[in-house]
Amino acid sequence: MTDPAPRPRAAALVFNDGHELLLMLRRRNGKTYATLPGGGIEDGETPAGACAREVLEEVNLTVKVGKQVLELDNRHGDTHSHEHYFLCHVVSGEMRLGDGPEGIRQSAENWYQPEWVSLNRLDEVNLVPEVLRGLARQLATPPLIRIPLNSCTVGKAPPVHPYRGIRIFSYSHPLGLNLKRPDSIGIRMRSTHETSLFLAQRTAS
């Protein structure tokens, strides 16, 4: 007997400004685990559209769905699903258990609890599928951006406003020459979302 076709699902990786990941803590059939906000893709619905709808239903947040960062077949217990994972940015809403099916069927034996979880606590949580731990840590670390300083005045900050919270990572110069003024500066934005905005602004300018 062949296995039935896997159920299509979509889920969101959502980070706050504190680089915490939004998880749905679950208890079902005596087992405690955590998942990302998400659920089944309905007929005629795109994976990205399902992702946005599920996040709103489950955790009361309206999100902007970004790029797909993972696609996989997942077997967990007696369920088999084909899953699409998207990096999302919160647009509005107050995080809480939403008014969708999860909130309706909440009980002592089958409960849902959305929670922001710091990256250093991910190993304490039974996150499924397990591959999401490494992916979340990778996505939460914004890439290093090199900014040339040849158009900047010595002693002045590089032109990276209006973004706040920029952390200077390092100074560098070709050949490692010991000069008073470097030719570039390495920066990291507060989040991968702000990195995308900043790079788009630089490309357009």
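The values are calculated or read from the model by the stated rules, or taken from the named source; none is laboratory data. Just so it is clear, the structure is predicted and the values come from calculations on it, not from any experiment. For neighbour counting, all protein chains shown are included, and Cβ atoms are generated from backbone atoms with ideal geometry for every residue, glycine included. For accessibility, only protein heavy atoms count, side chains too; no ligands or nucleic acids. Shrake-Rupley method; radii C 1.70, N 1.55, O 1.52, S 1.80 Å.
Some points to look at:
- Net charge of neighbours whose Cβ lies under 14 Å from the Cβ of VAL69, counting Lys and Arg as +1 and Asp and Glu as -1: +1
- Considering only LEU70, PRO129, HIS82, and ranking their Cα positions along the charge dipole of region 48-133 that arises from unit charges at the beta-carbon of Lys, Arg, Asp and Glu, the one farthest toward the positive end is LEU70.
- Summarising the overall dimensions of region 61-110 from its C-alpha atoms, the Rg and Dmax are 14.4, 36 angstrom.
- Accessible area (Å², 1.4 Å probe, nearest 10) - TYR85: 10
- Assigned charges on the beta-carbon of Lys, Arg, Asp, Glu; region 1-87 dipole about Cα centre (debye): 280
- With the convex hull of the Cα atoms taken as the outline of region 13-70, the averaged projected area works out to 5.1 nm².
- Remark: relative contact order (region 18-139) = 32 percent; criterion is Cα-Cα distance under 8 angstrom and separation of 6 or more residues.
- Over all distinct Cα-Cα pairs of region 1-146, the Kirkwood formula returns a hydrodynamic radius of 15.7 Å.
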